[in-house]
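Trainee: The structure that follows is given in the form of structure tokens.
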Amino acid sequence: MKTFAERIKDLRKEITASIVRILANNNLQELEIPEEIEEPTYVVYFGDHGEGYDCPVKKVCIEDGALSLLVEFDEDGEGVIYASDLGCRNLDWLNGIRENILSTLELTYKRICYECGKPMDEGYCIDSGREYFCSDECLHKRYTPEEWAEMCGQGKTESYWTKWEDSNRWQDEP
């Protein structure tokens, strides 16, 4: 049986791998988090003299499979937080960063898979669009086949599989 510390380490790896996978599935090495995100994630950044700053994450970067964050610690300063730093290790912050990435992608795409971040033209719609999943594999990471069957209710609910006819972009490219 794994210790509590081992389970935390595994969860940290899982969230970080999810962030890397979402960016890779969108052919991105970095993603700026725009100011219009409703709930930006704040992390602690330690300056050159050990002073701590509560900073919003401005950009998420992946280099050689490692996560780093660009943060703004005051009006004139930015800093980088690397994978081994506290800002990339706290589970709540990592989850918030993942959610900010999905929210940022939703500014471009109408539907993205909640699990892997792929833009979608077909797949599972949960509760009229509260969540989307692109495949059985992604759906069943979140819901068991039995839970899905119960949610579907033989077609009498707002959870279903479909193929959308419209463009997945909010604004079609010229």
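Trainee: Identify all residues within the stretch 71-95 that are assigned to a strand (DSSP E or B) and either surrounded by fewer than 16 Cβ atoms within 10 Å (Cβ to Cβ) or small (Gly, Ala, Ser) (or both); write none if there are none.
Mentor: Listed by number, the residues that qualify are ASP74, GLY77, GLU78, GLY79, VAL80, TYR82.
Trainee: Here's another thing I want to ask about it. Can you find a residue that is assigned to a strand (DSSP E or B), surrounded by 15 or more Cβ atoms within 10 Å (Cβ to Cβ) and not assigned by TED's automatic domain parsing to the domain that holds ILE126 anywhere in the stretch 96-106? Walk me through it before giving the result.
Mentor: Initially, the stretch 96-106 is screened for residues assigned to a strand (DSSP E or B), giving none.
No - not one qualifying residue is present in the stretch 96-106.
Trainee: Follow-up question, since we're still on this one. So THR144 passes all but one of these: (1) more than 30 Å from TYR42 (Cβ to Cβ); (2) among the polar types (S, T, N, Q); (3) touching a strand residue (DSSP E or B) at 6+ places or on another chain (Cβ under 7 Å). Which condition number does it fail?
Mentor: (3)
Trainee: Is it fair to say ASN168 is closer than 22 Å to ILE33 by Cβ, modelled with pLDDT of 95 or more and either of a type outside the set (Gly, Ala, Ser) or loosely packed, with under 13 Cβ neighbours inside 10 Å (or both)?
Mentor: Taking the combined requirement at face value, the residue does not satisfy it.
Trainee: Among the residues of the stretch 142-151, is there at least one that is of a type in the set (D, E, K, R), farther than 25 Å from GLU14 by Cα, touching a Phe, Trp or Tyr at 6+ places or on another chain (Cβ under 7 Å) and outside any loop (DSSP other than H, G, I, E, B)?
Mentor: No - not one qualifying residue is present in the stretch 142-151.
Trainee: Shifting gears a bit: Here are some conditions: (1) in contact with a helix residue (DSSP H, G or I) (Cβ under 9 Å, 6 or more places away or on another chain); (2) surrounded by fewer than 17 Cβ atoms within 10 Å (Cβ to Cβ). GLU137 meets all but one. Which one does it not meet?
Mentor: (1)
Residue by residue, here is whether (1) in the same structural domain as ASP166 (by TED's automatic domain parsing); (2) part of a helix (DSSP H, G or I); (3) aromatic (Phe, Trp, Tyr); (4) over 22 Å from SER167 (Cβ atoms) holds:
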| site | (1), (2), (3), (4) |
| --- | --- |
| GLY117 | yes, no, no, no |
| CYS125 | yes, no, no, no |
| TYR132 | yes, no, yes, no |
| HIS140 | yes, yes, no, yes |
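Trainee: Tell me which residues, restricted to the stretch 142-165, are in contact (Cβ under 8 Å) with a residue 24 or more places away in the chain, charged (D, E, K, R) and exposed (fewer than 14 other Cβ atoms within 10 Å of the Cβ).
Mentor: Matches in the stretch 142-165: GLU158, LYS163.
Trainee: Name the residues in the stretch 4-42 that are surrounded by 14 or more Cβ atoms within 10 Å (Cβ to Cβ) and hydrophobic (A, V, I, L, M, F, W, C), would you? Explain how you work it out, then say what you get.
Mentor: Keep residues of the stretch 4-42 that are surrounded by 14 or more Cβ atoms within 10 Å (Cβ to Cβ), which gives 12, 15-16, 18-26, 28, 31, 33, 37, 40-42.
ILE15, ILE19, VAL20, ILE22, LEU23, ALA24, LEU28, LEU31, ILE33, ILE37 - these are the residues of the stretch 4-42 that are surrounded by 14 or more Cβ atoms within 10 Å (Cβ to Cβ) and hydrophobic (A, V, I, L, M, F, W, C).
Trainee: Still on this structure: Just to be sure before I move on: is GLU99 under 29 Å from GLU131 (Cα atoms) and either without any contact (Cβ under 8 Å) to a residue 12 or more places away in the chain or of a type in the set (D, E, K, R) (or both) in the structure I sent? Before you say what the answer is, go through the steps one by one.
Mentor: Numbers: under 29 Å from GLU131 (Cα atoms): yes; either without any contact (Cβ under 8 Å) to a residue 12 or more places away in the chain or of a type in the set (D, E, K, R) (or both): yes.
Yes; evaluated as a whole, the condition is true for this residue.
Trainee: Continuing with the same structure: Could you list, in sequence order, all residues of the stretch 104-131 that are over 14 Å from LEU23 (Cβ atoms) and of a type in the set (Lys, Arg)?
Mentor: Matches in the stretch 104-131: LYS110, ARG111, ARG130.
Trainee: So for the stretch 37-46 (the condition being of a type in the set (Val, Ile, Thr) and part of a helix (DSSP H, G or I)), does at least one residue qualify? I'd like the intermediate steps shown before the answer.
Mentor: So the first thing to find is which residues in the stretch 37-46 are of a type in the set (Val, Ile, Thr), and the list is 37, 41, 43-44.
Subsequent filtering for residues that are part of a helix (DSSP H, G or I) retains none.
The answer is no, given that none of the residues of the stretch 37-46 is of a type in the set (Val, Ile, Thr) and part of a helix (DSSP H, G or I).
The values are calculated or read from the model by the stated rules, or taken from the named source; none is laboratory data. It should be emphasised that the depicted structure is a prediction, and the values quoted were computed from it without experimental measurement. Methodologically, a virtual Cβ is constructed for each residue, glycine included, from the backbone with ideal geometry; neighbour enumeration extends over all protein chains shown.
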